[in-house]
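Heads up, the thing below is written out as structure tokens.
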Amino acid sequence: MASGSRAARKRLSSRSTARPTLPRKFKIVVAVPPSNDVDVFAHDLGYIAIADAAGNVVGWNVTVGGGMGMTHGERGYLSAHRCGRHGFCETTDAVKIAEAVVTVQRDWGDRKSRKHARLKYTIEDRGLDNFRAEVERRAGVKLARAKAVHVHVDRRPVRLERREPTGAGI
């Protein structure tokens with residue numbers, strides 16, 4: 001796995017010497033249903049594991065867009081749920097898809113305005129269909145329709161509670 005990671009980094013860095021190799025800020029997460037501890041729909045790129053009846057991972061639903069944080073007063077807010085599930089890819093194609101998403105954002109993303117540098121804005125500006133077509137072209141992989149799977153989405157605000165010390169400190 002480590003050598004594959006090095007090879008992927010080398011491919012990404014060799015594609016362009018004139019521009020930085022990665023987008024300014026880019027978050028990638030993995031969720032294994034029904035758990036969604038990472039909040040897969042709130043990040044730039046997410047993978048949701050799809051398992052067969054025996055529990056073996058056979059592929060991944062791909063999510064793009066994310067960005068449930070602040071919008072810095074930018075025009076219309078693009079919800080992660082509006083971007084939603086981008087498609088399904090086989091396990092063997094997951095790294096190709098990730099490389100393609102990152103390089104499309106690197107090449108199409110706004111590097112002049114830090115407030116407008118996230119993937120959600122690139123998709124809003126270029127359109128989800130155009131973004132998907134470019135990802136598929138660069139990856140050399142046609143994404144299938146996303147598979148039906150339930151992941152828990154909890155949008156309740158976090159509530160902090162004051163507790164009395166238990167005396168069981170470190």
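Working only within segment 128-149, note down all residues that are of a type in the set (A, V, I, L, M) and part of a helix (DSSP H, G or I).
Within segment 128-149, the subset of a type in the set (A, V, I, L, M) is 128, 133, 135, 139, 141, 143-144, 146, 148-149.
Answer for segment 128-149, where residues must be of a type in the set (A, V, I, L, M) and part of a helix (DSSP H, G or I): L128, A133, V135, A139.
Summed over segment 77-101, the residues that are under 19 Å from I50 (Cβ atoms) and modelled with pLDDT of 90 or more give a count of 13.
Results for (1) of a type in the set (A, V, I, L, M); (2) modelled with pLDDT under 60; (3) closer than 26 Å to D129 by Cβ; (4) not in a loop (DSSP other than H, G, I, E, B), shown as yes or no for each residue.
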residue	(1), (2), (3), (4)
R6	no, no, no, yes
S16	no, yes, yes, no
R19	no, yes, yes, no
D37	no, no, no, no
Y47	no, no, yes, yes
I50	yes, no, yes, yes
G59	no, no, yes, yes
V62	yes, no, yes, yes
G67	no, no, yes, no
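Taken over segment 113-122, the criterion of being touching a residue at least 40 places away in the same chain (Cβ under 8 Å) and part of a helix (DSSP H, G or I) is satisfied by R114, K115, H116, L119, K120, Y121. The residue of segment 118-145 that is farthest from I48 (Cα to Cα), among those that are surrounded by fewer than 18 Cβ atoms within 10 Å (Cβ to Cβ) and aliphatic (A, V, I, L, M), is A133.
Could you pull out the residue among D125, D110 that is in a helix (DSSP H, G or I), of a type in the set (D, E, K, R) and modelled with pLDDT of 80 or more?
On the way: D110 fails: in a helix (DSSP H, G or I).
The unique qualifying residue is D125.
Among residues of segment 127-151 that are under 16 Å from G59 (Cβ atoms), those with a Cβ under 7 angstrom from a residue that is open to solvent by 40 Å² or more (accessible area, probe 1.4 Å) and part of a helix (DSSP H, G or I), sequence gap 6+ or separate chain, pair up as A139/K96; V141/K96; L143/R132. Of the residues V151, V104, which is buried (at least 18 other Cβ atoms within 10 Å of the Cβ), closer than 16 Å to A31 by Cβ and either touching a strand residue (DSSP E or B) at 6+ places or on another chain (Cβ under 9 Å) or at pLDDT 90 or above (or both)? Only one candidate passes the filter, namely V151.
The values are calculated or read from the model by the stated rules, or taken from the named source; none is laboratory data. Note that the structure is a prediction, hence the values are computed from the model and not measured. Because the Cβ atoms are built from the backbone with ideal geometry, glycine has one as well, and the counts that use them run over all protein chains shown. Surface areas here come from the heavy atoms of the whole protein model, side chains and all, with no ligands, DNA or RNA. Shrake-Rupley method; radii C 1.70, N 1.55, O 1.52, S 1.80 Å.
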